[in-house]
Every structure is written in structure tokens, then in C-alpha cells.
Amino acid sequence: MSLMPGRPGRTAALLVPAVAAAHIGPAATWLPGVRLLLCPRLAGVGPPRHIALTFDDGPDPASTPRFLDTLDELGVRATFFVLGEHVVRHPALVRETARRGHELAVHGWTHDRPWRPAPARDAEQVARTVRALRDVCGHRPLWYRPPYGILTSGRWLAARRAGLRPVLWSAWGKDWTAEATPASVRARVAADLRGGGTVLLHDSDRLAAPGCWRATLGALPGLIRDCREAGLTLGPLREHGPPPQGYRHGPTPCP
Ligand SMILES: [Zn+2]
């Protein structure tokens, strides 16, 4: 029997990049062009006359109530992708968000960057956030959007095991920067938004420049007017539906 020194080392050397690729490969969908091309449902593409309005990173008692009031004034309902660790700290705010007709969805338990594979931790954290939302609101969430939009294979599996559909976005306001203004957020969304799109905004500055949520809030009236003047209806993802039959942005149907 010949032992071949070095073979285990070579195998390991091949295995490590393979595991890393399997872990991070799906995160290529972070690139808007990639997901629009390959997976329109992951990009949140829905019926052509509807826009899904979504907010990430709450609930935040410093800012989320202002969004709820403004959305009431504008007559719009949205989907809020929340962090479980803040759901359990601010359950009354989460209940109030649901009471006002908005949809709650899962952003994660914490807001981590998933550079190392941790599928068991991913599964536990997503399931824990689903349980927290169910305990606070009394119903199961439907959607999952990973922190930073980085959809690793572990996060994808965690979402599917928890019965959630992963969804990212097709337009964003770049509203997390210190330079963001209501005009810049509105213009940035308008640059990428098409009928059937999903808009990503943030109702908290916890993970962004202090106070940047004010730019987002200030952008909402104009942004919503833009959509309505274009004949588009806004609402939460639960009202968004799938892309129209025959929708073709690319060759691969979305899972
Ligand atoms: Zn986030």
C-alpha cells in the first residue's frame, strides 16, 4: 500500500476553496444586475403596476414611530425587515407596526457579516427571529432579507427551513450615508425603479451614519408621489405577487 504524502494536504487545499465558494457563491446575487438577470423573484420583481416598499434594520424607537406616522399620512403600507434582538427589546413598537397594517419580516437576529460558514448558527438565528415575531405579533412572517443583502448558502437554507422566501431589492436609496439627503434618496431610488420593483430603505440609523434616517423620511412624500404619478401602486411584499407570466430578464427561473 503506498501512502502518498501530501495528498491529504492537497485534498484539504482543494476543499477549503470549494467550501468557501459554496458558502459565499450565492452572495453574488448581492449585485443587482446578477439577480435581475438570474433571479427576478429574489430581486423582488412583481406585477408591473405595483411597487413593494421595504424598510430594514428596525424596530428603532428613535425613528420607526416617525415612519409609521408619515406612512399613515401618505396612506401607504410597507414591509419592515426587523432584527430579532430589537424585536424582543421593543415588542410594543413591533405590535404597533403590525396594528397599523404593515408587514413584519425577518432581517436576522443580529446584523452580522457572514464571512465564515455557520449554517447551524444561521438556522438558529433565523428560526429564533421567526419565533420572536410570532410571539409578539401572533402570525408567521413570510420573507427573509439577510443583513447587507449577503445571501450565503447557509442563510438561504436557514430561510427555506423556516418557511421564509428570501428577497432582496431592485432599487435602493443609498440612505445609510452621512451625505444622504431627501433629494438624493429620492433620485437614487428613481434611477433604478421600474414598475414591479422592490425598494430598499432603512427606518433606523443603528448601522449607518447618525441621523441619516431623516433623509429617508424626508424622501418619502416625493418618492411616493413619483410612483403614483407614474400610475404605480405601493404596498408591502405580501401584496406584491410574482413577476408576470412570461417575464424574461434572464434564462434561469427563480427558485
Ligand atoms: Zn440591514
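A short reminder: the numbers here are calculations on the coordinates, not readings from a lab. Fair warning: this is a prediction, and the values are worked out from it, not measured in the lab. As a convention, Cβ positions derive from the backbone with ideal geometry for all residues, glycine included, and neighbour counts pool all protein chains shown.
A few comments on the model shown:
- Segment ARG113..LEU74, full-extension length gain: 10.6 nm, with 0.36 nm per residue of separation and the alpha-carbon distance subtracted.
- Förster-model FRET efficiency, 22 Å R0, ALA120 and TYR148, C-beta, rounded to 0.05: 0.60
- Charged side chains reduced to their Cβ positions (Lys and Arg at +1, Asp and Glu at -1) give segment 24-239 a dipole of some 680 debye around its Cα centre.
- Electrostatic tally near SER153: other residues with Cβ closer than 12 Å to its Cβ, Lys and Arg +1, Asp and Glu -1, net +1.
- Table column - 3J(HN,Hα) (Hz), segment 155-169, Karplus curve with 6.51, -1.76, 1.60, x for Gly and Pro: 5, 4, 4, 4, 5, 5, 5, 7, x, 9, 9, x, 8, 9, 7
- Multiplying the residue separation of THR181 and HIS139 by 0.36 nm and subtracting their alpha-carbon distance yields 11.6 nm.
- Going from the fewest other Cβ atoms within 10 Å to the most, the residues GLU179, GLU239 appear in the order GLU179, GLU239.
- Charge tally in the Cβ shell below 13 Å around SER63, where Lys, Arg are +1 and Asp, Glu are -1, SER63 excluded: -4
- Neighbours of ALA230 by Cβ distance under 10 Å: Lys/Arg scored +1, Asp/Glu scored -1, total +2.
- Annotation: amide H of HIS202 within the under-5 Å range of ASP56, sequence separation 5 or more or interchain, hydrogens built in the peptide plane.
- Taking label points 7 Å from Cα along the Cα-to-Cβ direction, ALA62 and LEU157 give a separation of 3.7 nm.
- Ranking PRO65, ALA180, ALA52 by how far each Cα lies toward the positive end of the dipole of segment 24-239 (charges on Cβ) leaves ALA52 at the top.
- Efficiency of FRET from Cβ geometry, ARG228 and ARG100, R₀ 22 Å, rounded to 0.05: 0.65
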